[in-house]
Amino acid sequence: MSDVPKSHPRYLSLTLRDRIVSGVEQGITSIHGLIAHGRGEAFDYLIEEKTQPFALAAIRAAASMLCLAEHPVISVNGNVAALVPEHLIELGQLLKAPLEINIFHTEAGRERKIQDYLLKHGASEVLMPTTEAQLSYIDSNRRFVHPDGILKADVVFVPLEDGDRCEALRKMGKEVVTVDLNPMSRTAKQASVTIVDNVVRALPLLCKEIKVISVDSVTQTIITQYSNEAVLQEALQHISRGVDG
Ligand code: PTJ
């Protein structure tokens, strides 16, 4: 870890960089993950590094969709494993949903290292991709899935995704909940619910929301009233207002 003093005005952001760098050093995060993180940082700056109302609306819809799912699955890549392992595990416990490793960049042994890392942090079930189950409409390494996990899922939580798999999952009739700081990304546009926020802020809030609604009655209404297109428009308007000064 770098020796950034807590008094540094960008302490939190620099701490997150440390987590991603440590992920790369431990062989969990792909080196490409550093670039993806930098892109995320730029968008986070544009939303003032705060959870905005459009993200809260998406979190509410996401919580209902995940709670109402018959077979929800949480997809984990190298960046989210490094940034939010505890909250991925908490989400899995709240939803009684498995975590499933699914990575884009193929590096020998990285899937196993992510699995070990999550198990070490307390996960009870971490599914691995298999060659026997494959997604349609996609050619990358992301097509390999677990037959009892993503293949069977009706709702898949896929934070920090690249667009191809999101499109494939939607074509296969699955609902996709994503977290993506870029409201213009293909994933953001194709997902059923897009939380435009940093995953380190969004995941704790999503877990909190699920705890609240699971004691009340969860209804379909919030999902039917939700418009992902409108939420993305709000995010873009927010960003443009900031750019215009
Ligand atoms: O571990 P792998 O091989 O599966 O690779 C994971 C990455 C993230 C490298 C891979 O999925 C990738 O290349 O993703 P992209 O296409 O760069 O897209 C990542 C998206 O996540 C971009 O739109 C970023 O703006 C966004 N993003 C980056 N960091 C964060 C984020 N969104 C939310 N929270 C973040 N911390």
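The values are calculated or read from the model by the stated rules, or taken from the named source; none is laboratory data. Fair warning: this is a prediction, and the values are worked out from it, not measured in the lab. Note that each Cβ is placed from the backbone with ideal geometry, even for glycine, and that neighbours are counted across all protein chains shown. Accessible surface areas use protein heavy atoms only, side chains included; no ligands, DNA or RNA. Shrake-Rupley method; radii C 1.70, N 1.55, O 1.52, S 1.80 Å.
Structural remarks
- When residues of the stretch 80-109 are limited to those that are open to solvent by 60 Å² or more (accessible area, probe 1.4 Å) and of a type in the set (D, E, K, R), the one farthest from the ligand (Cβ to nearest atom): K96
- Test result for Q115, crowded, with 19+ Cβ neighbours inside 10 Å, without any contact (Cβ under 8 Å) to a residue 40 or more places away in the chain and more than 13 Å from the chain's Cα centre (by Cα): yes
- Residue count for the stretch 151-173, restricted to those that are in contact (Cβ under 8 Å) with a residue 24 or more places away in the chain, of a type outside the set (A, V, I, L, M) and away from the ligand (no atom under 16 Å from the Cβ): 3
- Within the stretch 40-49, considering residues that are in contact (Cβ under 8 Å) with a residue 40 or more places away in the chain and closer than 19 Å to L203 by Cα, the one surrounded by the fewest Cβ atoms within 10 Å (Cβ to Cβ): E48
- Pairs with Cβ under 9 Å, 6+ apart, first in the stretch 77-92 and farther than 21 Å from F104 by Cβ and without any contact (Cβ under 8 Å) to a residue 40 or more places away in the chain, second open to solvent by 10 Å² or more (accessible area, probe 1.4 Å) and within 13 Å of the ligand (Cβ to nearest atom): none
Results for (1) farther than 21 Å from I74 by Cβ; (2) in contact with a strand residue (DSSP E or B) (Cβ under 7 Å, 6 or more places away or on another chain); (3) open to solvent by 40 Å² or more (accessible area, probe 1.4 Å), shown as yes or no for each residue.
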residue	(1), (2), (3)
A168	no, no, no
S192	no, yes, no
V196	no, no, no
A202	no, yes, no
Q233	yes, no, yes
V243	yes, no, yes
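- Answer from I35, I31, I74, I59 - the residue that is touching a Gly at 6+ places or on another chain (Cβ under 6 Å) and either more than 11 Å from the ligand (Cβ to nearest atom) or open to solvent by 10 Å² or more (accessible area, probe 1.4 Å) (or both): I74
- In the stretch 126-150, residue surrounded by the most Cβ atoms within 10 Å (Cβ to Cβ) [restricted to those that are part of a loop (DSSP other than H, G, I, E, B), within 18 Å of the chain's Cα centre (by Cα) and without any contact (Cβ under 8 Å) to a residue 40 or more places away in the chain]: P129
- Test: residue in the stretch 168-183 that is farther than 20 Å from Q237 by Cβ, in a loop (DSSP other than H, G, I, E, B) and within 13 Å of the chain's Cα centre (by Cα): no
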